[in-house]
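Engineer: Dropping a structure here in structure tokens format, bear with me for questions.
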Amino acid sequence: MVQDLYILMITAGVVSLLFKLLKQPVVLGYIVAGILVGPNLFGENLVSHENVEAWGNIGVLFVLFCIGLEFRIKNLLESGKTALIGAATIIGGMLLLGYGVGRFAQLDNMNSLFLAAMLCMSSTTIVMKAVDEAGLGKARFVKGATSILILEDIVAVVLLVLLSGIAEKGSFEGVVMLKTIGVLAATLAVWFIVGILIIPTLFRKVRKHLNDEILIILALGLCLGMALTAEEAGFSSALGAFVMGMVLAETLESHRIEKLMAPLKYVFSAIFFVSVGMMIDPASLAEYWSSILFVSVVIIVGMITFGTLGCWWGGQTLKDAMQTGFSFVQIGEFSFIIAALGSKLQVTDPAIYPIIVAASVLTTFLTPYIMKGTMPCYNFIYKHAPERMRDKIDRREEEVARKEQMTTTASEEKLQTHSGRVQKLLSHTIITKRVVNLFFKNMTENDHKG
């Protein structure tokens, strides 16, 4: 086991470093490392696939736990309309498009359903990394895009549970699915409400005793405990880890936990992506190159179209909507997890897994270059749009700018109000101090006169 871990980590480290030097996402390096140590390239396993798979399963829990930690109800509520309409349009549109692609490729209902689920989620990690590297971290569209990604992550966890149930029953039944969704929603609500009522209070009471060592052990214990609870309730352990992350995100220690979890997340997520790469046969990539290209085009065109429309309908400017859509042109973590689930349950065609992974690699590689095309495309559309459409685009830009200005002004007034109160308090304190000093001075002078 130690030898397996050594080979895996040193290979992943060297390859990911090479990808970093080439200014490519390190996730791609991990997948390539998996291909190198897997059984398909050199005809033998350099590491035990069983060990790597076990570590990868733990990695999934930690990755979802950390995604839950980044969830903020306040941020989601602030984006409100944009997040809900944007996420619903992207997920709904890509599910229908993905299912249609599956049926067009003459896949059965089960394969088409899994394929649709794999294609409807962008990668939170890759999008945020691409945005930061493009210097757009403080751009106006980022807040709405982040909220959409959070909702996509929540839906992805729900899809994992639903697909597991559908795969075990071997059929897709609307009534059964609605019942499963109802039970899942009720269970999530109970877990979240009970967790919010108990855990943040507990953390506040023992906060002064929580050093880094105790905090990380307690957080991991709660994460794994909720994962086991979810399994006992008949749901995915990943769901439990995600819910506990959401609960701990509402505590005062959430940022400390995120920081402490980072090394574990990096290590086990790397192992997970290496395990993904180990399942890829390079020969199959050559065999299915046309399918990989076709799926990649579907992802890029679909995400740009539904992302732009959803954000526009949700109230963003056309420029912001297009920036969101053009940054969502890839699939990532959850697509791999859903693909692995289908392979594990033996309900999907073996060809789907390498096609999805290869399409993810290709779209991830292309994401930064596609994002650079946002403004030229926007300028082209604006220039050639009918006059009525241009007027609507201009009005939306003015509306959003006005709301942004009102929000900024309100924040400044609130800050000035707080500042005034503090100054008033300090002024009263200084005046009171001077009055007291004057009082004692007069008393002293009277004593001397007496």
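Readers should treat all values here as calculations from the given coordinates under stated rules, not as data from a laboratory. Note that this is a predicted model, so its numbers are computed, not measured. Glycine gets a Cβ as well: all are built from the backbone with ideal geometry, and neighbour counts include every protein chain shown.
Engineer: Let me check I have the definition right: for the range 2-366, take the eigenvalues of the Cα gyration tensor, multiply each by 5, take square roots. What are those semi-axes in whole Å, largest first?
Structural biologist: For the range 2-366, the ellipsoid semi-axes come out as 29, 26, 22 Å.
Engineer: What's the long-distance tail for the range 354-398, i.e. % of Cα pairs beyond 15 Å?
Structural biologist: The proportion of pairs with Cα distances above 15 Å equals 61 percent.
Engineer: Here is a further query. Return the subset of Lys138/Lys319; Lys129/Lys383; Lys383/Lys403; Lys23/Lys319 for which the Cα-Cα distance in this structure is over 22 Å, preserving the input order.
Structural biologist: The pairs that break the limit, which is 22 Å between Cα atoms, are Lys129/Lys383; Lys383/Lys403; Lys23/Lys319.
Engineer: Stretched out fully, how many nm does the piece from Arg390 to Met406 gain, at 0.36 nm a residue minus the Cα gap?
Structural biologist: Going from the current span to full extension adds 3.3 nm.
Engineer: May I pose another question? Just to compare against my own numbers: the Cα pair-distance distribution for the range 192-345, 5 Å bins, whole % per bin, please.
Structural biologist: 2, 7, 11, 14, 13, 13, 14, 13, 8, 3, 1, 0
Engineer: Let's test the formula: R0 of 45 Å, r as the Cβ-Cβ distance of Leu293 and Lys205. What FRET efficiency results, to the nearest 0.05?
Structural biologist: 0.20
Engineer: Arrange the peptides 244-254, 158-168 so that the one whose residues have, on average, the most other Cβ atoms within 10 Å appears first.
Structural biologist: Ranked from most to least packed, the peptides come out as 244-254, 158-168.
Engineer: Moving on to the next point. Between Ile217 and Leu22, what length in nm is gained on full extension when 0.36 nm per residue of separation is reduced by their alpha carbon distance?
Structural biologist: Result: 66.5 nm gained on full extension.
Engineer: Then there's this: Evaluate the distance, in nm, between pseudo-label points positioned 7 Å from the Cα of Lys259 and of His49 along their respective Cα→Cβ axes.
Structural biologist: 4.2 nm
Engineer: Give me a comma-separated list of calculated 3J(HN,Hα) values for the range 105-112, in order, Karplus coefficients 6.51, -1.76, 1.60 applied at θ = phi - 60°, integers in Hz, x for any Gly or Pro.
Structural biologist: 7, 6, 8, 6, 4, 5, 5, 5
Engineer: Using every Cα-Cα pair within the range 268-401, state what percent have a distance larger than 27 Å.
Structural biologist: Counting every Cα pair in the range 268-401, those more than 27 Å apart make up 35 percent.
Engineer: A further question on this structure: Kindly list the residues of the range 280-311 that lie in the label zone of Phe380, defined by a backbone N under 15 Å from the point 7 Å along the Cα-to-C-beta vector.
Structural biologist: In the range 280-311, the label zone of Phe380 (backbone N under 15 Å from the point 7 Å along Cα→Cβ) covers 301, 304-305.
Engineer: Could you run the Karplus curve 6.51 cos²θ - 1.76 cosθ + 1.60 with θ = phi - 60° over the range 308-324 and give me ³J(HN,Hα) per residue in whole Hz, x for Gly and Pro?
Structural biologist: Listing the rounded values in order: 5, 4, x, 6, 5, 5, x, x, 6, 5, 4, 4, 5, 4, 5, 4, 5 Hz.
Engineer: Still on this structure, please answer the following. In sequence order, what are the phi-derived ³J(HN,Hα) couplings for the range 261-270 according to the Karplus relation 6.51 cos²θ - 1.76 cosθ + 1.60 with θ = phi - 60°, rounded to whole Hz, with x for glycine and proline?
Structural biologist: Whole-Hz 3J(HN,Hα) from phi for the range 261-270: 6, 3, x, 5, 4, 4, 5, 6, 5, 4.
Engineer: For the modelled label position 7 Å from the Cα of Glu168 along Cα-to-Cβ, which residues of the range 235-279 have backbone nitrogen atoms closer than 16 Å?
Structural biologist: 235-240
Engineer: By per-residue mean of other Cβ atoms within 10 Å, what is the highest-first order of 121-128, 224-231?
Structural biologist: Top of the packing list down: 121-128, 224-231.
Engineer: Once fully extended, how much extra length lies between Ala189 and Ala233, figured as 0.36 nm per residue of separation less the alpha-carbon to alpha-carbon distance?
Structural biologist: 14.4 nm
Engineer: Could I ask something else about it? Could you list Lys129, Lys23 so that the one with the fewest beta carbons within 10 Å of its beta carbon is first and the one with the most is last?
Structural biologist: Lys23, Lys129
Engineer: Using mean Cβ contacts within 10 Å as the protection proxy, how do 144-151, 260-267 order, highest first?
Structural biologist: 144-151, 260-267
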